[in-house]
Amino acid sequence: MNTIYQPAIHFHNVCFEVGEQRILQQVTGSFPTGNITTLVGPSGAGKTTLLKLCNGLISPTSGEIFIHNKPINSINPVALRRHVGIALQSAPMIKGTVYTNLSLPKTLQGMSLSREEAISFLGDVGLDPSFLEQNVTELSGGQRQRVSIARTLVNRSDILLLDEITSALDRTSVKEVEELIVNINQKYNVTIIWITHNLEQAIKIGHYTWVMMNGRVVETGKSTLLNHPTKDVVQQFVEGCLE
Amino acid sequence: MSYTTLSLTLLFVLIPLILSKTLHLGLEKDTLIATIRSIIQLLAIGYILKFVFESDSMVYVLLMIALMIITATFNARKKGKNIKGITWKVAITVIVVEVIVQSILLGFHVVPATAQYIIPISGMAIGNSMILSILFLNRFQGELESHRDEVELILSLGGTPKQAIHRQLITAIKASMIPTIESQKTIGLVQLPGMMSGQIIAGASPVQAVQFQLMILFVLLTSAAISSSILGFLSYPTLFNDRMQMLKDKF
Ligand SMILES: Nc1ncnc2c1ncn2[C@@H]1O[C@H](COP(=O)(O)OP(=O)(O)OP(=O)(O)O)[C@@H](O)[C@H]1O
Ligand SMILES: [Mg+2]
């Protein structure tokens with residue numbers, strides 16, 4: 001661990017179990033500050049679980065997590081979750097309009113989001129201002145996903161956890177969102193962990209990558225390792241994705 | 001009414017029994033149990049009340065109220081098994097309702113402070129509080145189950161448990177109060193309330209019966225509002241741990 005790549009998040013022997021079921025096993029590793037790390041692996045590998053641990057929605061059964069070298073349990077949960085923002089996989093919405101949803105992070109703090117700011121956040125994700133008053137029940141899957149991303153940006157977190165945020169988008173929108181995230185990463189030095197099923201995206205966007213399977217991290221390194229995996233399991237996974 | 005005439009009314013039990021048998025409703029056993037239980041319970045309470053009224057001692061009145069509170073608590077808590085300390089929470093709710101109702105009625109001398117008034121009114125206030133608690137707990141848990149992703153979303157953005165659960169809590173409080181309010185809108189139009197009917201049959205003047213009935217309705221409104229609100233605010237914190245995480249087995 002050198003000084004330039006000081007970890008934003010560090011996992012030490014983290015296990016997560018629900019009853020008898022072992023969902024994460026012995027996860028150890030770091031997410032370097034100011035970098036984008038992509039997280040890939042088959043469905044059910046434990047990727048979402050790992051993100052929820054970082055945001056404090058759940059706690060490890062055993063092992064330790066550090067956020068900027070501080071034990072996660074020593075950080076107040078509200079402060080932690082504003083500092084480590086997450087865009088949840090299902091892009092859940094609260095009842096109301098797009099504006100209600102975009103301003104949610106602010107209203108939770110007893111503040112409000114101005115219409116201008118809201119419009120600017122919408123613009124970031126490629127939605128035009130007319131969406132502001134739209135009821136969220138009327139959004140398409142892709143629009144919903146974009147509102148969810150914009151909402152996550154409102155807290156201006158310096159660590160962002162993105163759970164398959166482009167899965168419902170068309171190719172052009174995917175490119176736009178990728179550019180947006182890369183831009184945020186470069187401009188504000190935001191640390192990003194990005195779960196994706198798209199290997200091309202994982203290689204292109206990620207500085208680093210983690211490959212997960214069956215609750216274990218089976219490989220970590222520069223994201224280009226996915227181009228020529230050295231481990232058999234990773235090789236098989238990559239081939240499976242390309243089919 | 002004599003016991004001989006009362007026994008004639010058992011014909012009303014025979015009819016559902018025959019219907020149940022011929023239509024294969026399978027309700028014979030439950031109907032019989034319900035009948036026998038109501039006979040025993042009501043006769044017992046009749047004689048107990050007679051004794052309490054005649055003894056003219058507040059100790060017995062308090063004992064009876066305590067018994068009502070305990071029974072109501074144990075009935076309602078079944079619906080909130082996964083809420084920690086639900087027994088105490090329901091008990092506190094019911095006690096607060098009873099104290100507020102009696103403070104107003106006795107404090108302002110609305111009714112005389114005798115067993116004859118205190119006990120039936122307590123029964124209605126506590127009974128209603130119990131039903132409201134059950135309605136509230138049912139609805140609250142239903143709301144939580146169907147909106148857990150919303151609760152999780154608010155937590156994930158840095159909201160507190162109270163903020164995360166606010167909408168579900170308010171919905172459940174509101175929903176549990178609606179039957180009480182709605183039933184009062186049509187009261188008297190179709191069906192005369194049971195207590196009023198009883199008084200009229202027993203020979204009281206209809207106007208006086210109406211006055212008492214109105215008083216009871218207002219008591220029930222208060223009992224409904226207080227019950228769901230108190231229980232709501234007592235129960236939501238136990239659904240989260242001190243790291244502000246949803247306890248999975250409770251959602
Ligand atoms: N609270 C929980 N209770 C029981 N099982 C759970 C819980 N959370 C996750 N799991 C299980 O843990 C495993 C990993 O889930 P997770 O959502 O982390 O997978 P994932 O890698 O994100 O998958 P996907 O790519 O499909 O989103 C799954 O088998 C899931 O069913
Ligand atoms: Mg997932």
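The values are calculated or read from the model by the stated rules, or taken from the named source; none is laboratory data. No experiment lies behind these values; they were computed from the predicted model shown. Ideal geometry is used to build each Cβ from the backbone, glycine not excepted, and the neighbour counts take in all protein chains shown. Just so you know, the surface numbers come from the protein's heavy atoms only, side chains and all, with ligands and any DNA or RNA stripped out. Shrake-Rupley method; radii C 1.70, N 1.55, O 1.52, S 1.80 Å.
Identify the residues of segment B:170-189 with backbone N under 16 Å of a label point that sits 7 angstrom from the Cα of residue B:233 along the Cα-to-Cβ direction, or state none. B:170-174, by backbone N distance to the label point. Using only Cα atoms, find the angle between the long axis of helix B:86-107 and the longest principal axis of chain B, and express it within 0 to 90 degrees, rounded to the nearest 10. Approximately 50 degrees, to the nearest 10. Computed over chain A, the per-residue total of -39500 (n - 2.57) for DSSP H runs of n ≥ 4 gives a 222 nm mean residue ellipticity of -10500 deg cm²/dmol, rounded to 500.
Take every Cα pair under 8 Å whose residues are at least 6 apart in sequence, average their separation, divide by the length of segment A:7-242, and the relative contact order is 28 percent. Helix B:28-55 and the long axis of chain B differ in direction by around 70°, with both axes built from C-alpha atoms. Close amide-amide hydrogen proximity is noted between residue A:39 and A:194, A:195, A:196, A:210, each under 5 Å apart and 5 or more residues distant or on a separate chain (H modeled in the peptide plane; Pro and chain starts excluded). Remark: the residue B:51-residue B:87 segment gains 9.9 nm on full extension, using 0.36 nm per residue and subtracting the alpha carbon distance. Rounded to the nearest 20 debye, the dipole size of chain A about its Cα centre is 560 debye, using +1 on the Cβ of Lys and Arg and -1 on the Cβ of Asp and Glu. Taking every DSSP beta bridge that has both ends in chain A, the antiparallel portion is near 55%. Heavy-atom accessible surface of chain A, averaged per residue, reaches 45 Å², computed with a 1.4 Å probe. A Förster radius of 45 Å combined with the Cβ-Cβ distance from residue B:190 to residue B:241 puts the calculated FRET efficiency at roughly 0.35. Based on alpha-carbon atoms, the Kirkwood radius and the radius of gyration of the protein assembly as shown give Rg/Rh equal to 1.14. Here chain B is treated with +1 on each Lys and Arg Cβ and -1 on each Asp and Glu Cβ, and its dipole about the Cα centre works out to around 460 debye. Here's how it looks for residue A:218: its modeled amide H is under 5 Å from those of A:211, A:212, A:213, which are all 5 or more places away or on a different chain. Sort out the exposed loop trypsin sites (Lys or Arg not before Pro) in chain A (DSSP loop, at most 14 other Cβ within 10 Å) and tell me the longest stretch that has none. Value returned for the longest uninterrupted segment is A:1-94.
Counting only protein heavy atoms and a probe of 1.4 Å, the accessible surface of chain B is 71% carbon and sulfur.
The relative contact order of chain B comes to 22 percent, based on Cα pairs under 8 Å that sit 6 or more residues apart. With a Förster radius of 25 Å applied to the C-beta separation of residue B:100 and residue B:34, the computed FRET efficiency comes to 0.15.
Applying the Karplus relation 6.51 cos²θ - 1.76 cosθ + 1.60 with θ = phi - 60° to segment B:209-222 yields 3J(HN,Hα) values of 4, 5, 4, 5, 5, 4, 4, 4, 4, 5, 4, 5, 4, 4 Hz, where x marks Gly and Pro. Burial annotation for segment B:152-177: residues with an accessible-area loss of at least 20 Å² between the isolated chain and the complete set of protein chains, computed on heavy atoms with a 1.4 Å probe, are B:152, B:153, B:154, B:155, B:156, B:157, B:158, B:163, B:167.
So what is the 222 nm mean residue ellipticity for chain B from helices alone, if each DSSP H run of at least 4 adds -39500 (n - 2.57) and you divide by all residues, rounding to the nearest 500 deg cm²/dmol? Taking each H run of at least 4 residues, the total per residue is -26000 deg cm²/dmol. The B-A contact accounts for approximately 1900 Å² of buried accessible area, totalled over both chains at a 1.4 Å probe radius. The angle between the Cα long axis of helix B:58-77 and the main principal axis of chain B comes to about 50°, on a 0 to 90 degree scale. 3J(HN,Hα) couplings calculated from phi for segment A:150-161 with the Karplus curve 6.51 cos²θ - 1.76 cosθ + 1.60 (θ = phi - 60°) are, in sequence order, 4, 4, 5, 6, 4, 6, 6, 5, 9, 10, 10, 10 Hz; Gly and Pro show x.
In segment A:7-242, the portion of solvent-accessible area held by carbon and sulfur atoms comes to 48 percent [1.4 Å probe, whole percent, DNA, RNA and ligands not counted].
The slack in the chain from residue A:20 to residue A:187, taken as 0.36 nm per residue of separation less the alpha-carbon distance, amounts to 55.7 nm. Residues of segment A:40-81 that lose at least 20 Å² of accessible area (1.4 Å probe, protein heavy atoms only) when the other protein chains are present, relative to their chain alone, are A:52, A:57, A:59, A:73, A:77, A:78, A:81. Of all beta bridges that DSSP places with both ends in the protein assembly as shown, some 60 percent have antiparallel geometry.
For segment B:137-152, backbone phi angles converted through the Karplus equation (6.51, -1.76, 1.60; θ = phi - 60°) give residue-by-residue couplings of 4, 4, 5, 4, 5, x, 4, 5, 5, 7, 10, 4, 5, 5, 4, 5 Hz, Gly and Pro being listed as x. Computing FRET efficiency as 1/(1 + (r/R0)^6) for residue B:114 and residue B:148, where r is the C-beta to C-beta distance and R0 is 51 Å, gives about 0.50. Of the residues B:35, B:73, B:186, the one that moves most in a GNM of chain B with alpha-carbon contacts below 10 Å is B:35.
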